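Trainee: Take a look at this one; I'll ask things after.
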There are 6 protein chains.
Amino acid sequence: MIHLLGIPYDKNSSYLRGPALAPPRIRQMARDGSTNLFSERGLEVKEGKIYRDLGDLSFESSNPESVFHQIRDKVSNTISENNRLFCFGGDHSVSYPIIDAHINLYDNLNILQFDAHSDLYDDFDGNPYSHASPFARLMETGKIGTLTQVGVRTLNNHQREQAEKFGVNITEMKDFTTDFLNHLNGPLYISLDLDVLDPAFAPGISHHEPGGLSTRQLIDLIHGIDVPVIGADIVEYNPTRDINDMAAMVSYKLFKELAELMNRNV
Amino acid sequence: MIHLLGIPYDKNSSYLRGPALAPPRIRQMARDGSTNLFSERGLEVKEGKIYRDLGDLSFESSNPESVFHQIRDKVSNTISENNRLFCFGGDHSVSYPIIDAHINLYDNLNILQFDAHSDLYDDFDGNPYSHASPFARLMETGKIGTLTQVGVRTLNNHQREQAEKFGVNITEMKDFTTDFLNHLNGPLYISLDLDVLDPAFAPGISHHEPGGLSTRQLIDLIHGIDVPVIGADIVEYNPTRDINDMAAMVSYKLFKELAELMNRNV
Amino acid sequence: MIHLLGIPYDKNSSYLRGPALAPPRIRQMARDGSTNLFSERGLEVKEGKIYRDLGDLSFESSNPESVFHQIRDKVSNTISENNRLFCFGGDHSVSYPIIDAHINLYDNLNILQFDAHSDLYDDFDGNPYSHASPFARLMETGKIGTLTQVGVRTLNNHQREQAEKFGVNITEMKDFTTDFLNHLNGPLYISLDLDVLDPAFAPGISHHEPGGLSTRQLIDLIHGIDVPVIGADIVEYNPTRDINDMAAMVSYKLFKELAELMNRNV
Amino acid sequence: MIHLLGIPYDKNSSYLRGPALAPPRIRQMARDGSTNLFSERGLEVKEGKIYRDLGDLSFESSNPESVFHQIRDKVSNTISENNRLFCFGGDHSVSYPIIDAHINLYDNLNILQFDAHSDLYDDFDGNPYSHASPFARLMETGKIGTLTQVGVRTLNNHQREQAEKFGVNITEMKDFTTDFLNHLNGPLYISLDLDVLDPAFAPGISHHEPGGLSTRQLIDLIHGIDVPVIGADIVEYNPTRDINDMAAMVSYKLFKELAELMNRNV
Amino acid sequence: MIHLLGIPYDKNSSYLRGPALAPPRIRQMARDGSTNLFSERGLEVKEGKIYRDLGDLSFESSNPESVFHQIRDKVSNTISENNRLFCFGGDHSVSYPIIDAHINLYDNLNILQFDAHSDLYDDFDGNPYSHASPFARLMETGKIGTLTQVGVRTLNNHQREQAEKFGVNITEMKDFTTDFLNHLNGPLYISLDLDVLDPAFAPGISHHEPGGLSTRQLIDLIHGIDVPVIGADIVEYNPTRDINDMAAMVSYKLFKELAELMNRNV
Amino acid sequence: MIHLLGIPYDKNSSYLRGPALAPPRIRQMARDGSTNLFSERGLEVKEGKIYRDLGDLSFESSNPESVFHQIRDKVSNTISENNRLFCFGGDHSVSYPIIDAHINLYDNLNILQFDAHSDLYDDFDGNPYSHASPFARLMETGKIGTLTQVGVRTLNNHQREQAEKFGVNITEMKDFTTDFLNHLNGPLYISLDLDVLDPAFAPGISHHEPGGLSTRQLIDLIHGIDVPVIGADIVEYNPTRDINDMAAMVSYKLFKELAELMNRNV
């Protein structure tokens, strides 16, 4: 079964706070009565049937290192071959402990990251847990099979060097194709930073980076994945910048589509 | 000549009110001075020349059944072979009496419905006139030639069964093609629920369902229709959710493009 | 080197004011810390290195004719073969004096105009400097090599006649292709009216005209230009209609992509 | 102990939907971390200590009559001399069954209603359960001790007649004084329609009626009440019209101040 | 009888456009169904009974001088001892021709101006019809009995000199009292610039000047006027800056209260 | 002369980021052309004449301790008996180093703090520089003459104890009077947290705490201060939550009124 966990933490953000408020807002979309529980391909993503909601993690301390360990421990204790985990962030820094916990369960874990940014900074503001660095930290472990990034449109020189050093496969928006779908391997973990979408589709994010995917394109990409997906997260939804809950609803829809993928590959 | 009628009714909505406020807001876009009266293909959609504005229907009672009959009577008294009707809703429930009136004038009427939802519920909240059910009601009459739905992305099991039972042709967003354009037949009535668009393009709607058409795609589809169009409506515009009149302007633009189509095929 | 000049003037606007507030808002996007200075193709668009910021023009009088001369004189004194100018408007009327100044430096100057409107009115409200007329004025000089308009979707009869009279090449949205890229000639001046984008991507504009380009499409078009670009402007950004600085960020991103083009072709 | 119950129902609203979404939004304000749990007079309004949260009522049917009975039964089963109930609506129609249940427990119950409207319509749209009529229905029972309305600014002839017929004490905004505080009697039930506030302070309401109380005035009035308060509700908060959760936070603050009053008088 | 006239003109505005869109938006508030037609003191302000709606003035030319004459002629032809006029602007420049027309009908006309600004500029941007100058122009005629300004909070040296020169009675916000009510004389014309209110109460204005009246205070002041009121206008409502039609509703409410005053003193 | 310094730092905020973006937004209000440079009491607050703008501090590191020292050093080097400093924050944590620098210049410095919160936490999230603690830190120095807090409405038990321990004079909103004005002593430093205002007047703040002062009340209080004011700051303006720059304009207006006070008492 899939477990759903909210991780309301955003103190590793470099620009704005807000993503800590995301989990309850996304969940609320399922209850408002404006849409139904079905994924586009016909799965009723019903609590109790398809997933179990573990609620939100409550932090003992807001210290980044302590938070890292608490998230990793919680994830480690939750996941198993039969129990897959879906997380609502939080800023993107939460993906570091989440995926780090998965490495111990899955040899050669592959990561598919939808993101406007590569998040590969060696050092950002002196904070190793910064939301600008999670994938640098993960690649440094040497335990990641492949890292595929899709939707990136903000590479600077440093990040290009990091990407080369770590052998990251990047599909930049400036030469976007769906070719990467043919090169994915399982077991696959999907980390979805909402800012991979153009801000027109998801205004509720901290870092507006124009020129992104449309929601339609992103859903079609998700439908195009046919390797086993063993975990996923949706991060960086920031309710304080949202308009009419527009990005909350996008997040909820993406949750249903990704959950169907995780459910299908059990 | 085309007649324009506003139908300010939204009490059959299941989630939010607001579409009753739509007609005057859409009309205002023609007067604000921020755009001109021309359709993209060069028709000046001028009141008095291309269409006559009948104003808004005023309801004697807000009871759903009484409203149904009042709309149907008004439409029946307005339309004829030479007088075509364009309606601004209101929620989608108004299309039931509008189209029902057309059935009596046109044998084998065909319907093209642009919509995020199939609106085929057999029963929703016990209200047979619900905005979730108009096309179930219409198909039950047995008098509809074909019903073609485009842009749907919310089918649950019940609606899939209803669609199969009624023989509805659905182009879902998840496998969108423009192929349906080759299979349309006249006489054609077009019912356009604004939520067929992605909420990014038309935020002023009650049910945000991400992953829809872009405005550009929708206009291009309209331009691709080459069978006789004998009536049309634009429904579910909800000013209380709109931003800077963005969706009001989209509605007005779609009105011009559809009016050109209705005018061309007289 | 590229020079950056803000032209905070909007009194030639026919509908709303606001674009005069644009220059400082766009510049601020570079400093907020939510994005970096790199163009998508890897140029660090850094002040002092790639461009020099001349600040905003300060007007002695708000009279349209006096403003025309002040802008043209300022631009004439700034540009030379080695000094290219990038301007942030202001409404589109400012492009008339800017380009007029360039005609004296470049024989056979070619113009690429991204715009929802052709801005070719012979007369609008009796104001020859109206933001609806700059390209009529420029074509009347007889000194423009070619004028290519892309993204137009509001042509009325008068503007079609004007376009024919002046031999303007128009790629309308209704039959959009990227074919025009193969027919561009240098030296090229690019005038980018932000409303070429669909309002979903750039809500901060005065004239919402649905059915435009996506930001992604526009950036890809810019990347497709391979003739020498000797000047550019971004106009009609209106902060009073913007949401969360969404269009300010789009403007800043387009500035970086266009600056890279201007820098590459020196 | 105080019990907290959410009543997510708004189908008796005459103009807009939305209040059904209120209860989870108000509760969320306690968790966001932007404010603390203390009332202004120093009570820590902590769940488990001061109140028990019963969650939201879930409706078997959306039929107004059935809803009336379900709410009344639930309230009847919850309240006792030692168990006081605080409800988050929902539109104002929910106060009818809530207070009706209290009448059976308290002889001569007195009601203090903060509201822009008197809600005394004998008949509105033919719906006896309309949110325009709850206090007409309650007064018709003959079991209410006194009804005191404060903040009213929309009386029409019919409502003035109803008020006179039922002997309602009204402090209209046009001649506002705090005099009514000297004439209150216990046991007192407080029904607080958020639109008693000027829309500037609580934009998230359906019926904007300018000229209302400031939040400060309303809190000071609450602090001025010194008779035993045995129950209370906050109704008509409409998240779909709110800005930055402004009215959600007002609702949460008023909840703390009213809870302190209910706690103090046990 | 009272006549209602909309004057959709805003080209004399120095900062933003938008007030030209005001008249239909304010009228719409009467039809939306969220409030009733009654003034707070019990008059049903019904079209046909209390006032006749003349619709909006349509301008032959947008030239300021021509507009001045067209407005003045229209007003002159409409008003008489028995026919009083209520105008919805438009920016404040429209009050100059409106009041100028009244001077010919009423000797010794007195003006009560609610405004954040004194609008007494001798010259603003070289436009004698500027919305910064109408009351300078009117005082220069020598035919105004008294000019009383209430709510002003932006006086610079020049405007203080102008006020002294013309003998204007100003109640500034910094030393606000209701004393001016005791010194009013009839016949009185009331010109209400919506920005007299604090922007919190009326966000839909061009010039946000904090520290203004509350809507409640303003209504109470209107209720305190007991001299004959022979005409009135509400100006500077700018829908492009409004939020949820908040200021539109304030304008409509003020219309009802002022209309009651004009009706009472016939 | 007065010096103006922007301090764009907000990493000591406990809930949201954003105040770092404040200084350029507030300055822009002086240039937009929607208001003039005069204080209500007639001082033209002109750059170069009344104040010199030092621009924004640029931080070498974002580490809280390093930032503390950099701000304190900058302020120490700027202020003297003849040079008074006005700062735009940033979050309220910046007032700690600013005032700490003033203590060395002024013996027995008195502080007037306008604030919804007392900011007296001994420890918040383990960060001694937290924006919840600056006045605890300052009082611990033992060098503050008096600390007067006005507008507070969020005291919990811990903060009440801290206030008692440090002998803070608090005028809570729940028993607001202007009495504190009679007990102020110079030299006075004024620290103005924008959230002292009700969120209706200043929506652009991180912590919405309803029940605050109106802008009018606050300006009148400032006008009521008649002891020498030697420095001031406006903090916690958060542009990411603002609507139409409403709170930016409030901040700018308060700057003018406070600058007049600082100028008058030189």
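The values are calculated or read from the model by the stated rules, or taken from the named source; none is laboratory data. Quantities reported herein were computed from a predicted structural model and do not represent experimental measurements. Methodologically, a virtual Cβ is constructed for each residue, glycine included, from the backbone with ideal geometry; neighbour enumeration extends over all protein chains shown.
Trainee: So E:MET1 fits all but one of (1) surrounded by fewer than 21 Cβ atoms within 10 Å (Cβ to Cβ); (2) at pLDDT 95 or above; what number is the exception?
Mentor: (2)
Trainee: Could you tell me whether segment B:60-69 includes any residue that is surrounded by fewer than 20 Cβ atoms within 10 Å (Cβ to Cβ), modelled with pLDDT of 95 or more, more than 14 Å from chain D (Cβ to nearest Cβ) and within 26 Å of B:ASP123 (Cα to Cα)?
Mentor: yes
Trainee: State yes or no: is F:GLY224 touching a residue at least 40 places away in the same chain (Cβ under 8 Å), buried (at least 24 other Cβ atoms within 10 Å of the Cβ), under 17 Å from F:LYS253 (Cβ atoms) and small (Gly, Ala, Ser)?
Mentor: Numbers: touching a residue at least 40 places away in the same chain (Cβ under 8 Å): yes; buried (at least 24 other Cβ atoms within 10 Å of the Cβ): no; under 17 Å from F:LYS253 (Cβ atoms): yes; small (Gly, Ala, Ser): yes.
Against the criterion (touching a residue at least 40 places away in the same chain (Cβ under 8 Å), buried (at least 24 other Cβ atoms within 10 Å of the Cβ), under 17 Å from F:LYS253 (Cβ atoms) and small (Gly, Ala, Ser)), F:GLY224 does not qualify.
Trainee: Something else about it: Can you find, within segment D:37-55, the residue that is surrounded by the fewest Cβ atoms within 10 Å (Cβ to Cβ) among those that are part of a loop (DSSP other than H, G, I, E, B) and of a type outside the set (Lys, Arg)?
Mentor: Going residue by residue through segment D:37-55, those that are part of a loop (DSSP other than H, G, I, E, B) are D:37, D:39-43, D:45-46, D:48-50.
Retained after the next criterion (residues that are of a type outside the set (Lys, Arg)): D:37, D:39-40, D:42-43, D:45, D:48, D:50.
Values: D:LEU37: 14, D:SER39: 23, D:GLU40: 22, D:GLY42: 12, D:LEU43: 18, D:VAL45: 21, D:GLY48: 8, D:ILE50: 19.
Checked segment D:37-55; the qualifying residue surrounded by the fewest Cβ atoms within 10 Å (Cβ to Cβ) is D:GLY48.
Trainee: A further question follows. Any chance you could count how many residues in segment A:123-146 are within 13 Å of the chain's Cα centre (by Cα) and without any contact (Cβ under 8 Å) to a residue 60 or more places away in the chain? So that I can check it myself, show each step before the final result.
Mentor: Taking segment A:123-146 and keeping what is within 13 Å of the chain's Cα centre (by Cα), we get A:131, A:134-135.
Cutting the leftovers down to without any contact (Cβ under 8 Å) to a residue 60 or more places away in the chain gives us A:134-135.
The number of residues fulfilling the criteria is 2.
Trainee: All but one of (1) out of contact with any His (no Cβ under 6 Å at 6 or more places or on another chain); (2) modelled with pLDDT of 95 or more; (3) not basic (Lys, Arg) hold for F:LEU54; state the number of the condition that does not hold.
Mentor: Result: F:LEU54 passes all but (1).
Trainee: Continuing with the same structure: In segment F:130-146, which residues are in contact with a helix residue (DSSP H, G or I) (Cβ under 6 Å, 6 or more places away or on another chain), surrounded by fewer than 20 Cβ atoms within 10 Å (Cβ to Cβ) and not aliphatic (A, V, I, L, M)?
Mentor: F:LYS143
Trainee: Now for a separate question. From the set of residues in segment A:85-104 that are of a type outside the set (Gly, Ala, Ser) and more than 15 Å from A:TYR9 (Cα to Cα), which is modelled with the lowest pLDDT?
Mentor: Keep residues of segment A:85-104 that are of a type outside the set (Gly, Ala, Ser), which gives A:85-88, A:91-92, A:94, A:96-100, A:102-104.
Retained after the next criterion (residues that are more than 15 Å from A:TYR9 (Cα to Cα)): A:85-86, A:99-100, A:102-104.
Numbers: A:LEU85: 98, A:PHE86: 98, A:ILE99: 98, A:ASP100: 98, A:HIS102: 98, A:ILE103: 96, A:ASN104: 93.
Here the answer is A:ASN104.
Trainee: Answer yes or no as to whether A:ASP107 is in a loop (DSSP other than H, G, I, E, B), touching a Gly at 6+ places or on another chain (Cβ under 9 Å) and modelled with pLDDT under 95. Step through it out loud before you land on a result.
Mentor: Working: in a loop (DSSP other than H, G, I, E, B): yes; touching a Gly at 6+ places or on another chain (Cβ under 9 Å): yes; modelled with pLDDT under 95: yes.
Yes, satisfied.
Trainee: So, in segment E:1-38, how many residues would count as being hydroxyl-bearing (Ser, Thr, Tyr) and more than 15 Å from E:SER95 (Cα to Cα)? It would help to see each step written out before you state the result.
Mentor: Of all residues in segment E:1-38, those hydroxyl-bearing (Ser, Thr, Tyr) come to E:9, E:13-15, E:34-35.
Still in the running and more than 15 Å from E:SER95 (Cα to Cα): E:14-15, E:34-35.
So the count comes out to 4.
Trainee: Taking B:GLY186 and the conditions (1) modelled with pLDDT under 95; (2) surrounded by 23 or more Cβ atoms within 10 Å (Cβ to Cβ), which numbered condition does it fall short on, given that it satisfies the others?
Mentor: (2)
Trainee: Return the residues of segment A:76-88 that are touching a strand residue (DSSP E or B) at 6+ places or on another chain (Cβ under 6 Å) and assigned to a helix (DSSP H, G or I); say none if nothing qualifies.
Mentor: Hit for segment A:76-88 is A:THR78, nothing else.
Trainee: How many of the residues in segment B:9-36 are of a type in the set (A, V, I, L, M, F, W, C), over 14 Å from B:ALA259 (Cβ atoms) and assigned to a loop (DSSP other than H, G, I, E, B)? Before you say what the answer is, go through the steps one by one.
Mentor: In the first step, residues of segment B:9-36 are kept if they are of a type in the set (A, V, I, L, M, F, W, C); the result is B:16, B:20-22, B:26, B:29-30.
Of the ones still in play, those that are also over 14 Å from B:ALA259 (Cβ atoms) are B:16, B:20-22.
The next check asks that each one be assigned to a loop (DSSP other than H, G, I, E, B); those that pass are B:16.
Qualifying residue count for the region: 1.
Trainee: Of the residues that sit in segment A:219-228 and are of a type in the set (Val, Ile, Thr) and within 28 Å of B:ARG216 (Cβ to Cβ), which one is farthest from the other protein chains (Cβ to nearest Cβ)?
Mentor: Initially, segment A:219-228 is screened for residues of a type in the set (Val, Ile, Thr), giving A:219, A:222, A:225, A:227.
Remaining after also requiring within 28 Å of B:ARG216 (Cβ to Cβ): A:219, A:222, A:225.
Values: A:ILE219: 5, A:ILE222: 10, A:ILE225: 14 Å.
Once the filter is applied, the top-ranked residue is A:ILE225.
Trainee: Does D:TYR96 count as under 30 Å from B:GLY126 (Cβ atoms) and either touching a Pro at 6+ places or on another chain (Cβ under 7 Å) or crowded, with 16+ Cβ neighbours inside 10 Å (or both)? Please lay out each step first, then the result.
Mentor: Details: under 30 Å from B:GLY126 (Cβ atoms): yes; either touching a Pro at 6+ places or on another chain (Cβ under 7 Å) or crowded, with 16+ Cβ neighbours inside 10 Å (or both): yes.
When the stated conditions are applied, D:TYR96 passes them.
Trainee: Hey, another quick one. With the checklist (1) of a type outside the set (Ser, Thr, Tyr); (2) in contact (Cβ under 8 Å) with a residue 40 or more places away in the chain; (3) outside any helix (DSSP H, G or I); (4) surrounded by fewer than 20 Cβ atoms within 10 Å (Cβ to Cβ) in hand, flag the one item A:LEU120 doesn't pass.
Mentor: With respect to (1) of a type outside the set (Ser, Thr, Tyr); (2) in contact (Cβ under 8 Å) with a residue 40 or more places away in the chain; (3) outside any helix (DSSP H, G or I); (4) surrounded by fewer than 20 Cβ atoms within 10 Å (Cβ to Cβ), A:LEU120 is out only on (4).
Trainee: Mind telling me which of the residues F:GLN162, F:GLN149 ends up being closer than 29 Å to F:TYR106 by Cα, touching an Asp or Glu at 6+ places or on another chain (Cβ under 9 Å) and surrounded by fewer than 23 Cβ atoms within 10 Å (Cβ to Cβ)? Walk me through it before giving the result.
Mentor: Numbers: F:GLN149 fails: surrounded by fewer than 23 Cβ atoms within 10 Å (Cβ to Cβ).
The conditions single out F:GLN162.
Trainee: Here's something else I'd like to know. Just need a number here: residues in segment B:113-144 that are under 16 Å from B:GLU236 (Cα atoms), touching a strand residue (DSSP E or B) at 6+ places or on another chain (Cβ under 7 Å) and away from every other protein chain (no Cβ under 14 Å).
Mentor: Qualifying residue count for the region: 3.
Trainee: Next up: So which pairs qualify, if the first residue must be in segment C:19-38 and at the interface with chain A (Cβ under 8 Å from one of its Cβ atoms), the second must be buried (at least 17 other Cβ atoms within 10 Å of the Cβ) and aromatic (Phe, Trp, Tyr), the Cβ gap must be under 7 Å, and the two must be at least 6 apart or on different chains?
Mentor: C:GLY33/A:TYR15; C:SER34/A:TYR15
Trainee: Which condition number does D:ASP73 fail, the rest of (1) within 12 Å of another protein chain (Cβ to nearest Cβ); (2) at pLDDT 95 or above; (3) outside any loop (DSSP other than H, G, I, E, B) being met?
Mentor: Only one criterion in (1) within 12 Å of another protein chain (Cβ to nearest Cβ); (2) at pLDDT 95 or above; (3) outside any loop (DSSP other than H, G, I, E, B) is unmet by D:ASP73, namely (1).
Trainee: Now, a different point. Within segment A:229-243, identify whether any single residue is of a type outside the set (Lys, Arg), out of contact with any helix residue (DSSP H, G or I) (no Cβ under 6 Å at 6 or more places or on another chain), more than 14 Å from chain C (Cβ to nearest Cβ) and surrounded by fewer than 24 Cβ atoms within 10 Å (Cβ to Cβ), and answer yes or no.
Mentor: Yes: one or more hits.
Trainee: Let me ask something additional. Among the residues of segment E:79-97, which ones are closer than 15 Å to E:LEU54 by Cβ and not polar (S, T, N, Q)?
Mentor: Pass one, segment E:79-97, residues closer than 15 Å to E:LEU54 by Cβ: E:79-80, E:83-90, E:94.
Scanning segment E:79-97 gives E:ILE79, E:ARG84, E:LEU85, E:PHE86, E:CYS87, E:PHE88, E:GLY89, E:GLY90, E:VAL94.
Trainee: Now for a different question. Restrict the check to segment E:193-202 and report whether at least one residue is small (Gly, Ala, Ser), within 24 Å of F:LYS253 (Cα to Cα) and either under 17 Å from the mean Cα position of the chain (by Cα) or within 11 Å of another protein chain (Cβ to nearest Cβ) (or both).
Mentor: yes
Trainee: Sticking with this one: Please state which of the following conditions D:VAL67 fails to meet, knowing it meets all the rest: (1) part of a loop (DSSP other than H, G, I, E, B); (2) in contact (Cβ under 8 Å) with a residue 24 or more places away in the chain; (3) under 29 Å from E:GLY33 (Cα atoms).
Mentor: (1)
Trainee: Still on this structure: List the number of the failed condition for F:ARG216; all other conditions in (1) among the charged types (D, E, K, R); (2) surrounded by fewer than 20 Cβ atoms within 10 Å (Cβ to Cβ); (3) within 14 Å of chain E (Cβ to nearest Cβ) hold.
Mentor: In the conditions (1) among the charged types (D, E, K, R); (2) surrounded by fewer than 20 Cβ atoms within 10 Å (Cβ to Cβ); (3) within 14 Å of chain E (Cβ to nearest Cβ), F:ARG216 misses (2) alone.
Trainee: When you check A:ASN104 against the structure, is it among the polar types (S, T, N, Q), under 28 Å from A:ILE219 (Cβ atoms) and touching a residue at least 24 places away in the same chain (Cβ under 8 Å), yes or no? Break it down stepwise before answering.
Mentor: Details: among the polar types (S, T, N, Q): yes; under 28 Å from A:ILE219 (Cβ atoms): no; touching a residue at least 24 places away in the same chain (Cβ under 8 Å): yes.
So A:ASN104 fails the test.
Trainee: Among the numbered conditions (1) surrounded by fewer than 20 Cβ atoms within 10 Å (Cβ to Cβ); (2) in contact with a Pro (Cβ under 9 Å, 6 or more places away or on another chain); (3) under 15 Å from E:LEU254 (Cβ atoms); (4) not charged (D, E, K, R), tell me where E:ALA30 comes up short.
Mentor: Only one criterion is unmet by E:ALA30, namely (2).
Trainee: Residue under question is E:PHE176, and the condition is that it be of a type in the set (A, V, I, L, M, F, W, C), in contact with a helix residue (DSSP H, G or I) (Cβ under 7 Å, 6 or more places away or on another chain) and either within 14 Å of chain F (Cβ to nearest Cβ) or closer than 25 Å to D:ASN156 by Cβ (or both); does it hold? Step through it out loud before you land on a result.
Mentor: On the way: of a type in the set (A, V, I, L, M, F, W, C): yes; in contact with a helix residue (DSSP H, G or I) (Cβ under 7 Å, 6 or more places away or on another chain): no; either within 14 Å of chain F (Cβ to nearest Cβ) or closer than 25 Å to D:ASN156 by Cβ (or both): yes.
Here the answer is no, as E:PHE176 does not meet what is asked.
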